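Structure first, then comments.
Quick note: the coordinates plus some simple rules give every number you see, no bench work behind them. Note that this is a predicted model, so its numbers are computed, not measured. Virtual Cβ from ideal backbone geometry, glycine too; neighbours counted across all protein chains shown.
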Amino acid sequence: MEQLVKRINGMIHLKAYNRQRDDLFFITVEKSQLELVLSHLKNNEGFTHLAFLQAVDFLEDSKFQLTYMLYNYDIRVNLGVKVLIARDKAEMTSIHKLWAHAWQYQRELHELFGINFPGSPRVEESFVLEGWEEMPPMRRDFDTKEYSERTFYQRPGRSTNDPKEYMKEKMYKNYAASPRIRRDDE
């Protein structure tokens, strides 16, 4: 894997490299270099399978991290290619021409995080949230409690319980009253 990293670092400057296990590695690249790196990995290095594409919201840094998880069947290695993009007006190049099924991941990230992938097929169509008009719900600044209180009615008779006290009362109420079993060495 170190040879692969050297080859990629010869093409572009890697921002980071991390070996997590013998079969799991991560590299971090600049946004402008992502398509070049992914294309090289697929066409020249045997990473032919795009397993998934995910996003992480780093709200405090005003960034999203996209991770493209690739797999090489010949050497049985997973390689995550990470890229940071700006959170405001989040946009990334579509990779649906490299992996046809990528449009589904991109469509999901568009709907749930608000990340745009210009040119990606059907990216504007609803994926899961038909008719959703709120802020994308996977963004960390989306207030789920406020949304729930505004959208759903409170059913009568519902109450909130302290889990510790509830467990004592409902599940272990006889435990404190029962005699303690002594061990022989006590």
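A few points about this structure:
- Reachable lysines, given that their alpha-carbon falls under 29 Å from the alpha-carbon of residue 173 and they are not under 8 places away in the same chain: 164
- Among 128, 37, 81, the largest mean-square fluctuation in a Gaussian network model of the chain (Cα springs under 10 Å) belongs to 128.
- Footprinting exposure proxy ranking of 124, 91, fewest other C-beta atoms within 10 angstrom first, gives 124, 91.
- Ascending count of other beta-carbon atoms within 10 Å, so fewest first, for 1, 135: 135, 1
- A straight line joining the Cα centroids of region 100-174 and region 42-75 runs 24 Å.
- For a label point 7 Å along the Cα-to-beta-carbon line of residue 51, residues of region 72-88 with backbone N under 18 Å: 72-83
- Peptides ranked, highest mean first, by Cβ atoms within 10 Å: ranges 160-166, 106-112, 3-9, 82-88: 106-112, 82-88, 3-9, 160-166
- Placing pseudo-labels 7 Å out from each Cα toward the beta carbon at residue 147 and residue 61 gives an inter-label distance of 2.4 nm.
- Bridgeable aspartates and glutamates around residue 6 (alpha carbons under 15 Å apart, same-chain partners fewer than 8 residues away excluded): 45.
- Taking 118, 136, 156 as the candidate residues, the one with maximal mean-square fluctuation in a Gaussian network model of the chain, Cα springs under 10 Å, is 156.
- The chain: angle of helix 2-11 to the longest principal axis, Cα-based, in degrees nearest 10: 60 degrees
- Percent antiparallel among DSSP beta bridges (both partners in region 2-155, rounded to 5): 75 percent
- Checking the cross-link pairs 89/145; 145/168; 42/145; 97/145; 15/42 against a 31 Å limit on the alpha carbon distance flags 42/145; 97/145 as lying beyond it.
- Each principal axis of the Cα cloud of the chain was evaluated for its coordinate range; sorted largest first, these ranges are 71, 56, 29 Å.
- Here the relative contact order of region 2-155, from alpha carbon pairs under 8 Å that lie six or more residues apart, stands at 16 percent.
- Potential extension, residue 126-residue 155 segment - 0.36 nm per residue separation minus Cα distance: 7.5 nm
- Rounded to whole Hz, the Karplus (6.51, -1.76, 1.60) HN-Hα couplings of region 131-137, x for glycine and proline: x, 5, 10, 8, 4, x, x
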